[in-house]
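Engineer: Questions regarding the structure given below will be posed in turn.
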Amino acid sequence: AQRVTQPEKLLSVFKGAPVELKCNYSYSGSPELFWYVQYSRQRLQLLLRHISRESIKGFTADLNKGETSFHLKKPFAQEEDSAMYYCALSPLNNNDMRFGAGTRLTVKP
Amino acid sequence: DTGVSQNPRHKITKRGQNVTFRCDPISEHNRLYWYRQTLGQGPEFLTYFQNEAQLEKSRLLSDRFSAERPKGSFSTLEIQRTEQGDSAMYLCASSWGGSYNEQFFGPGTRLTVL
């Protein structure tokens, strides 16, 4: 069964520190992986997806098929990065998007 | 077009009543999704439309739940005989093209069943 696990409910770092939000998945095939973000009082929005290989707002995510992980990283966190982050998996040829439970990131000044 | 809209934003109802929510997707999007989100959890997939056809339904979608998308435009999600366990945020999202494309989310409808 497909599942997305975000082991940290809460993560707090100081401004300028590196940040890594962990995401592990279980799926037998080749899924597409996403990170969605929800800033305070805003709707859920796409941050980045594996297929695009982009860096958005300084964030990157590397797919490690051996470890079935898709961790989100940023070398220098900013206060405006404080938000709820959700890792999501979309199976090939299927529209049943699975989300993790989310990690609330707080960047302290 | 200001994005995906959902109405109402909040709904309080008594157990046993029926409720209906509406979602207006981004106009050119052919795909529409419904999710449910409870406290402390990520969104859970409920169902998906491509144009007017409902192509997938989660096992979470009991027979008390029904969704429609007439003419492939707006969609409605109806819950009959609501239960307290139905209390949640109901999210709608739309996208264009394949399952790997970005989904644009609405603000959600928060349902409270007393």
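Every read-out reported here was derived from the displayed coordinates using simple, explicitly stated rules and does not represent laboratory data. On a predicted model such as this, the values are computed, not experimentally measured, just so you know. Note: ideal-geometry Cβ built from the backbone for every residue, glycine included; neighbour counts use all protein chains shown.
Engineer: Taking only Cα atoms and a 10 Å spring cutoff, compute GNM fluctuations for chain A and point out the largest among A:Phe14, A:Phe59, A:Phe34.
Structural biologist: A:Phe14
Engineer: Shifting gears a bit: Report the calculated FRET efficiency for A:Leu92 and B:Leu55 (r = Cβ-Cβ distance, R0 = 22 Å), to the nearest 0.05.
Structural biologist: E between A:Leu92 and B:Leu55, to the nearest 0.05, is 0.90.
Engineer: Strictly greater than 20 Å: what percent of every Cα pair in chain B meets that?
Structural biologist: Every Cα pair in chain B considered, those over 20 Å come to 34 percent.
Engineer: Can you work out ³J(HN,Hα) from phi for every residue in segment A:16-32, in order, using Karplus 6.51 cos²θ - 1.76 cosθ + 1.60 and θ = phi - 60°, giving whole Hz and x for Gly and Pro?
Structural biologist: Once rounded to whole Hz, the list reads x, 7, x, 9, 9, 9, 8, 9, 10, 10, 10, 6, 7, x, 10, x, 9.
Engineer: Between B:Ser94, B:Ser75, B:Ser66, where does the largest GNM mean-square fluctuation fall for chain B, given springs only between Cα atoms within less than 10 Å?
Structural biologist: Comparing B:Ser94, B:Ser75, B:Ser66 in the GNM, the peak value goes to B:Ser66.
Engineer: Per residue of segment A:37-46, in order, report the coupling 6.51 cos²θ - 1.76 cosθ + 1.60 (Karplus, θ = phi - 60°) as ³J(HN,Hα) in whole Hz, putting x for Gly and Pro.
Structural biologist: Once θ is set to phi - 60°, the couplings for segment A:37-46 become 10, 10, 7, 3, 6, 10, 7, 5, 9, 5 Hz.
Engineer: Another question, if that's okay. Report relative contact order for segment B:68-114 in percent, whole number only (criteria: Cα-Cα under 8 Å, sequence separation at least 6). Please list the in-between numbers first.
Structural biologist: On the way: 50 pairs, mean separation 17.4, N = 47.
Result for segment B:68-114 is 37 percent.
Engineer: I would also like to ask the following. Placing unit charges on C-beta atoms (Lys and Arg positive, Asp and Glu negative, everything else neutral), compute the dipole magnitude of the protein assembly as shown about its Cα centre in debye, rounded to 20.
Structural biologist: Numbers: 29 positive and 22 negative charges, 120 e Å.
That gives a dipole near 580 debye.
Engineer: What ³J(HN,Hα) values, in whole Hz, does the Karplus curve 6.51 cos²θ - 1.76 cosθ + 1.60 give for segment B:44-51 when θ = phi - 60°, with x put for Gly and Pro?
Structural biologist: Per-residue couplings from phi come out as 10, 5, 10, 7, 8, 10, 10, 6 Hz.
Engineer: Here is a follow-up. How many lysine pairs in the protein assembly as shown, separated by 8 or more positions in sequence or lying on different chains, have Cα atoms less than 21 Å apart?
Structural biologist: Lysine pairs, 8 or more places apart or on different chains, close enough: 21.
Engineer: Something else about it: Take every Cα pair under 8 Å in segment A:5-62 that's 6+ residues apart, average their separations, divide by the length, and report that relative contact order as a whole percent.
Structural biologist: Normalised by residue count, the contact order of segment A:5-62 is 22 percent.
Engineer: Here's another thing I want to ask about it. Points 7 angstrom from Cα along the Cβ direction at A:Gln78 and B:Arg15: gap in nanometres?
Structural biologist: Between A:Gln78 and B:Arg15, the simple spin-label model gives 4.9 nm.
Engineer: Going by amide H atoms built from the backbone, whose H comes under 5 Å of the H on A:Lys15, apart from near neighbours?
Structural biologist: Here the answer is A:Lys108, since their amide H atoms fall under 5 Å of that of A:Lys15.
Engineer: Counting other beta carbons within 10 Å of each residue's own, what order do A:Asp96, A:Asp62 fall into, fewest first? Write down the numbers at each step before the final one.
Structural biologist: Working: A:Asp96 18, A:Asp62 11.
Final ranking by Cβ density, sparse to dense: A:Asp62, A:Asp96.
Engineer: How high is the relative contact order of chain A, in percent, counting Cα pairs under 8 Å that sit 6 or more residues apart? The partial results should precede the final answer.
Structural biologist: Working: 264 pairs, mean separation 42.3, N = 109.
Relative contact order for chain A comes out at 39 percent.
Engineer: Ok, one more. Please list the non-local residues whose amide H lies under 5 Å from the amide H of B:Arg110, H modeled 1.01 Å from N, same-chain partners needing a gap of 5 or more.
Structural biologist: Here B:His10, B:Lys11, B:Tyr90 satisfy the definition.
Engineer: Still on this structure, please answer the following. Modelling each spin label as a point 7 Å along the Cα-to-Cβ direction, I'd like the A:Arg3/B:Leu114 distance in nm, to one decimal.
Structural biologist: 3.9 nm
Engineer: Report, in whole Å, the centroid distance computed from the Cα atoms of segment A:46-98 and segment B:1-66.
Structural biologist: For segment A:46-98 versus segment B:1-66, the Cα centre distance is 24 Å.
Engineer: By what distance, in whole Å, do the Cα atoms of chain A stretch along each of the three principal axes, largest value first?
Structural biologist: 43, 29, 24
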